[in-house]
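Notes follow the structure.
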Amino acid sequence: MMQSRYDIRRNDQVKVIAGRDKGKEGRVLRVFPGKGRVLVEHVAMVKKNVRPNPQKNIKGGIAEQESKIHVSNVMLVCPSCGPVRIGHERKGDHKYRVCKRCGTPLDK
Ligand SMILES: [Zn+2]
């Protein structure tokens with residue numbers, strides 16, 4: 001398994017700490033480990049022209065979609081502390097992420 005240097009994973013709840021959407025929170029939709037970028041739900045929305053395609057029942061017009069942001073611009077959200085730095089702990093062979101502040105495991 002490839003270990004991401006940043007340790008943000010799909011479905012993580014993250015907070016944006018820099019950039020245009022600073023302060024927003026959302027779920028990670030996709031991670032691009034090689035590029036160090038992530039797609040976060042409702043963050044960095046961009047408008048995109050969509051061509052009508054009647055076969056797929058697509059009307060066409062302008063749609064909004066998420067664009068990639070750099071993973072260093074987000075922080076993982078701990079359910080009790082908010083945005084935190086990630087620590088690591090090991091239980092036998094199992095390595096998991098913990099909140100650096102309160103120690104709560106952040107992996108299900
Ligand atoms: Zn915590």
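Taken per residue, the accessible surface of the chain reaches 72 Å², heavy atoms only and a 1.4 Å probe. The apolar share of the surface of the chain, taken as the fraction of accessible area on carbon and sulfur atoms (1.4 Å probe, ligands and nucleic acids excluded), comes to 48 percent.
Between Asn11 and Lys56, take the C-beta separation as r, use R0 = 22 Å, and let me know the FRET efficiency to the nearest 0.05. It comes to 0.20.
Here's the list of lysines a cross-link from Lys68 could span, going by alpha-carbon distance under 22 Å and ignoring same-chain residues fewer than 8 apart: Lys15, Lys22, Lys24, Lys35, Lys47, Lys48.
The values are calculated or read from the model by the stated rules, or taken from the named source; none is laboratory data. These numbers come from a predicted model, not from an experiment. Using ideal geometry, Cβ is built from the backbone for each residue, glycine included, and neighbour counts are taken over all protein chains shown. Protein only, heavy atoms only, side chains kept; ligands, DNA and RNA dropped before computing areas. Shrake-Rupley method; radii C 1.70, N 1.55, O 1.52, S 1.80 Å.
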